[in-house]
Amino acid sequence: MEIIKVILASLLSVAALFVITKLMGHKQVAQLDFFDYVCGITIGSIGAELATELESPEQPLIALAIYGLASMGLNSIANRCPKARKFINGTPTILMSDGKLYRKNLHKAKLDLSEFLLLCRESGYFDLDEIQTAVFENNGKLSILPKAANRPATPNDLKIMPKASHIGVEVIMDGRIMGENLSRMNLDESWLLQRLKSEGYKDPKEIFLGIFRPEEDRLSLYKNVNT
């Protein structure tokens with residue numbers, strides 16, 4: 001009987017965490033600001049407590065709901081009110097610009113010079129002379145604008161006009177034909193089987209991944225090495 005209670009409590013915890021994180025949105029698994037980070041850790045801790053709380057599971061469940069609603073409420077306020085957004089999420093801080101380091105801003109960002117240099121190296125900049133501006137974002141990331149002479153060359157710099165790139169559509173995944181994707185492009189399985197035959201394949205199961213780019217009429221096939 002005790003084991004059944006543990007199983008039910010664990011399932012309740014999983015379900016509650018799933019619903020709350022879905023309601024809070026993908027921001028929980030993307031770049032988090034400070035409050036979302038702390039709130040996410042707390043919600044996870046309460047969820048673990050809920051999985052083992054057999055006597056009064058409603059208490060951690062209520063706490064989960066409160067933290068979830070608080071996070072969603074603050075995010076809603078931040079989205080609607082720019083002034084509140086600055087207070088809740090913080091603002092980017094310029095740490096370096098035009099060869100000058102800003103001591104007060106480093107202090108504000110709770111960074112010392114060693115940590116700043118580490119963030120620069122992680123971004124691929126070992127020489128500060130290559131940096132035009134460094135901005136410490138409110139999610140803890142360092143954004144760097146390189147000097148014009150150090151930034152990568154672009155097609156505009158080289159006076160060339162490359163062809164536009166387009167996102168490919170998966171037509172075969174794990175050996176299975178994606179009929180819905182084919183229909184969206186006004187194609188069918190017969191067309192795909194004919195293309196596979198022209199490429200030397202007899203069965204879609206030989207293909208691990210197939211991507212079609214209609215603008216280029218190009219079918220990229222990645223063979224399943226287990227066949």
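The table that follows gives values for the structure above.
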| item | result |
| --- | --- |
| Matching residues, segment 75-87, being farther than 24 Å from T133 by Cβ and more than 21 Å from the chain's Cα centre (by Cα) | I77, R80, C81, K83, A84, F87 |
| Selection from segment 175-190 of residues that are within 15 Å of Y201 (Cβ to Cβ), open to solvent by 60 Å² or more (accessible area, probe 1.4 Å) and within 28 Å of the chain's Cα centre (by Cα) | R176 |
| Test: residue in segment 200-223 that is open to solvent by less than 50 Å² (accessible area, probe 1.4 Å), touching a helix residue (DSSP H, G or I) at 6+ places or on another chain (Cβ under 8 Å), in contact (Cβ under 8 Å) with a residue 24 or more places away in the chain and small (G, A, S) | yes |
| Positions within segment 87-126 being surrounded by 13 or more Cβ atoms within 10 Å (Cβ to Cβ), over 13 Å from N138 (Cα atoms) and small (G, A, S), in sequence order | S97, S123 |
| Extreme residue, nearest to P92 (Cα to Cα), among residues of segment 103-118 that are among the basic types (K, R) and in a helix (DSSP H, G or I) | K108 |
| Those residues of segment 120-164 which are of a type outside the set (S, T, Y) and under 25 Å from F87 (Cβ atoms), in sequence order | A134, V135, F136, E137, N138, N139, G140, K141, L142 |
| Cβ pairs under 8 Å, 6+ apart, first in segment 136-161 and closer than 21 Å to Y125 by Cβ and among the acidic types (D, E), second assigned to a strand (DSSP E or B) and open to solvent by less than 70 Å² (accessible area, probe 1.4 Å) | E137/S143 |
| Selection from segment 38-63 of residues that are among the acidic types (D, E) and at pLDDT 80 or above | E49, E58 |
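The values are calculated or read from the model by the stated rules, or taken from the named source; none is laboratory data. If you're wondering where the values come from, they're calculated on a predicted model, not measured in any experiment. Cβ sites come from the backbone with ideal geometry, for glycine too, and all protein chains shown count toward neighbours. For the accessible areas, the whole protein counts, side chains as well, though only heavy atoms, and no ligand, DNA or RNA atoms are used. Shrake-Rupley method; radii C 1.70, N 1.55, O 1.52, S 1.80 Å.
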